[in-house]
Amino acid sequence: MITIKNVTKTYAAKQGAVKAVDNVNIDINDGEIFGVIGYSGAGKSTLIRMLNGLEIPTDGSIKVAGREISHIKGANLRKARQEISMIFQHFNLLWSRTVIDNIAFPLEIAGVPKKKRMQRVKELISLVGLDGRENAYPSQLSGGQKQRVGIARALANNPKVLLCDEATSALDPQTTDSILELLVDINKRLGLTIVLITHEMHVIRKICHRVAVMEGGNIVETGPVLQVFKNP
Ligand code: ADP
Ligand code: ADP
């Protein structure tokens, strides 16, 4: 589903160039839950942001569902982002819009007619377990509920890939587990490929099939979770 080949990303910064991602190679299978773990500054965020064109690689190739993603622009990029959607640590919701309107937003952008849009929103609300909260504003929701809105919004246009950027890092342990369970459920039910980055071992152990360990822009180890994190 995703092929990352010889990908490097260098940022120009005042104090000199920063190589955030350094010649990384990863293959992620269709339907897999793939995790990237590492300390702050390892390059995880830069790497995941390149998968939907939020950052452009300095070098190398990224193919998602057979399509080169790293240099597309404009309408093609918007189309690609419908197929490769993302959830965030701080949810990135629209604060002046209700749950319904947040989830409907990407459908509006995609030009889905109102009646169809509302039907889809209803399905999504029930998929993520937000029944009864349709007309609430984000400020009236718990952290876990906010992330459920983020997930519903990300799924609105039936993506092939869901990218999770520290999606549970702002949540308490119990809420983290309920969101991770929802992600597993979605992975199983929809066959969605999930790529997540995290600094928490617990997240990887709980839901990932395979993991890559990132350090200083490099992948230092990769494999099935049970193999990489063997219990002593
Ligand atoms: P967090 O650790 O809270 O996730 P980060 O500090 O990693 O946040 O990054 C927040 C934003 O700032 C990101 O968009 C990232 O690309 C950008 N960023 C991170 N480090 C730098 C830097 N040294 N110079 C400029 N922008 C940066
Ligand atoms: P992580 O997500 O693992 O914390 P990042 O990808 O955010 O790592 O950052 C990797 C490195 O790149 C860090 O040294 C960070 O400061 C730097 N960096 C990230 N974004 C930018 C940016 N926009 N400009 C300059 N440096 C950046």
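The values are calculated or read from the model by the stated rules, or taken from the named source; none is laboratory data. Since this is a predicted model, take the numbers as computed values, not measurements. For neighbour counting, all protein chains shown are included, and Cβ atoms are generated from backbone atoms with ideal geometry for every residue, glycine included. Side chains included, ligands, DNA and RNA excluded: accessible areas come from the protein's heavy atoms. Shrake-Rupley method; radii C 1.70, N 1.55, O 1.52, S 1.80 Å.
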- Query: Of (1) more than 14 Å from ligand 2 (Cβ to nearest atom); (2) in contact (Cβ under 8 Å) with a residue 24 or more places away in the chain, Gln119 satisfies all except one. Which?
  - Reply: (2)
- Message: Among (1) more than 9 Å from ligand 2 (Cβ to nearest atom); (2) aliphatic (A, V, I, L, M); (3) closer than 28 Å to Gly74 by Cβ; (4) open to solvent by less than 10 Å² (accessible area, probe 1.4 Å), there is one condition Ile56 misses while meeting the rest; what is its number?
- Response: (4)
- Qualifying residues in region 69-99 (those that are of a type in the set (A, V, I, L, M) and at pLDDT 90 or above) - the one surrounded by the most Cβ atoms within 10 Å (Cβ to Cβ): Val99
- Item | Subset of region 112-133 [open to solvent by less than 60 Å² (accessible area, probe 1.4 Å) and outside any helix (DSSP H, G or I)] | Val112, Gly129, Leu130
- On the given criteria, is Gly35 at positive phi and small (Gly, Ala, Ser)? no
- Output the qualifying pairs, or none if there are none: Cβ atoms under 6 angstrom, residues six or more apart or on different chains, first residue in region 55-79 and within 16 Å of ligand 1 (Cβ to nearest atom), second residue open to solvent by 40 Å² or more (accessible area, probe 1.4 Å) and outside any strand (DSSP E or B). Glu55/Arg49
- Item | Members of region 18-34 found to be away from ligand 1 (no atom under 16 Å from the Cβ) and either touching a Leu at 6+ places or on another chain (Cβ under 7 Å) or modelled with pLDDT under 95 (or both), listed by number | Val24
- Message: Considering only residues that are free of Cβ contacts under 8 Å to residues at least 60 places away in the same chain and farther than 26 Å from Lys160 by Cβ, which ones fall in region 1-25?
- Response: Thr10, Tyr11, Ala12, Ala13, Lys14, Gln15, Gly16, Ala17, Val18
- Item | Single residue of Val203, Val211, Val195, Val228 found to be aliphatic (A, V, I, L, M) and more than 23 Å from Ile84 (Cβ to Cβ) | Val228
- Message: Please determine whether any residue of region 1-8 is away from ligand 1 (no atom under 16 Å from the Cβ), open to solvent by 10 Å² or more (accessible area, probe 1.4 Å) and modelled with pLDDT under 95.
- Response: yes
- Query: Out of (1) modelled with pLDDT of 95 or more; (2) away from ligand 2 (no atom under 15 Å from the Cβ); (3) not hydroxyl-bearing (Ser, Thr, Tyr), the odd one out for Glu166 is which?
  - Reply: (2)
